[in-house]
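Quick notes on the structure that follows.
The values are calculated or read from the model by the stated rules, or taken from the named source; none is laboratory data. Because the structure is predicted, anything quoted here is derived from the model rather than measured. Reconstructed Cβ throughout: ideal geometry from the backbone, glycine too, with neighbour counts over all protein chains shown. Each accessible area value is taken on the protein alone, full model and side chains, heavy atoms only, with ligands, DNA and RNA left out. Shrake-Rupley method; radii C 1.70, N 1.55, O 1.52, S 1.80 Å.
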Amino acid sequence: MADHSVEDYEKRVSPFVERFAADLTEAGMQRMASRVFACLLASADGALTSAELSERLQVSPAAISGAVRYLSQVALVSRQRDPGSRRERYQLHHDVWYTSLLNRDQILTRWLGTLAAGAEALGTDTPGGRRVQESAEFLEFMRKGLAEMLEQWRSSRG
């Protein structure tokens, strides 16, 4: 382990990784994906190989592969090849939280279109149509607030 000795990892880093992974899992992320994400977040470079992740998390490479596939699909990590090697490194996206929330803004926009069409199709004079319309109004409120917060964050970072 380039950035932590085995003893240091087990004493200081692993408890954080497991605790944050548990928090992410409780919020709905897959358990192994949560552990891989937290491990990458705590690493020196924000990037580790499958073998390094397997060693730190004490799991099989197959478990790592499935977790990385999920994390890639939700745009939290990417795969990169080490120059001159067949080995892949899994890298957190730069400014991972900003990027993740920016992607969520795009998802909210898509959902808003679907909800607006649903409210119109159901009719806002029906109980279902009113619920769908209220959902759209809430998500639009959230989307606007998220866009403002993301802009404030970007501005604050220089």
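Among R35, R12, R69, the residue with the largest mean-square fluctuation in a Gaussian network model of the chain, with springs joining Cα atoms closer than 10 Å, is R12. In the chain, the longest principal axis of the Cα atoms and the axis of helix 61-73 are about 30 degrees apart. Once all protein chains are placed together, D125 keeps about 120 Å² accessible to a 1.4 angstrom probe. Taking a virtual spin label 7 Å from the Cα of S72 along the C-beta vector, which residues in region 84-126 bring their backbone nitrogen under 11 Å of it? Label zone hits: 88-91. The slack in the chain from E10 to R79, taken as 0.36 nm per residue of separation less the alpha-carbon distance, amounts to 22.3 nm.
Between the amide H of D95 and any residue lying 5 or more places away or on another chain, no distance stays under 5 Å, with hydrogens modeled in the peptide plane.
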